[in-house]
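What follows is a short report on a single structure.
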Amino acid sequence: MKARSEAQQKAAGAALAAKRGEQDPDDLQGASREMYDDMSEAELEEMASTSHDDLPKRA
C-alpha cells in the first residue's frame, strides 16, 4: 500500500525504524504507534518508500 500523504509516509518510516530495532517503540505516538502494532515490516517498508514529492502534507 502506498502512502497517501507526506505525514503518513513519515509515520510509516518511524514505525519501520522501531520494527527494525533502530528506535525505541515506546517513543512512538499516534499513527506511527498504530502502524507499528498493526502492520508487518514489509507493509511498512512499502509505505515508507513512497516518494513524498507529489504527496500532500496531510490527507
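Read-outs: derived from the displayed coordinates by stated rules, not from any lab. Just so it is clear, the model here is predicted, and its values are computed rather than measured. So basically every Cβ, Gly included, is an ideal-geometry build from the backbone, and we count neighbours across all protein chains shown.
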- Query: Does GLU22 meet the test of being at negative phi, of a type in the set (Asp, Glu) and over 11 Å from the mean Cα position of the chain (by Cα)?
  - Reply: yes
Scanning the stretch 1-48 for residues that are buried (at least 19 other Cβ atoms within 10 Å of the Cβ) and either out of contact with any helix residue (DSSP H, G or I) (no Cβ under 8 Å at 6 or more places or on another chain) or free of Cβ contacts under 8 Å to residues at least 24 places away in the same chain (or both), the one nearest to ALA59 (Cα to Cα) turns out to be SER32
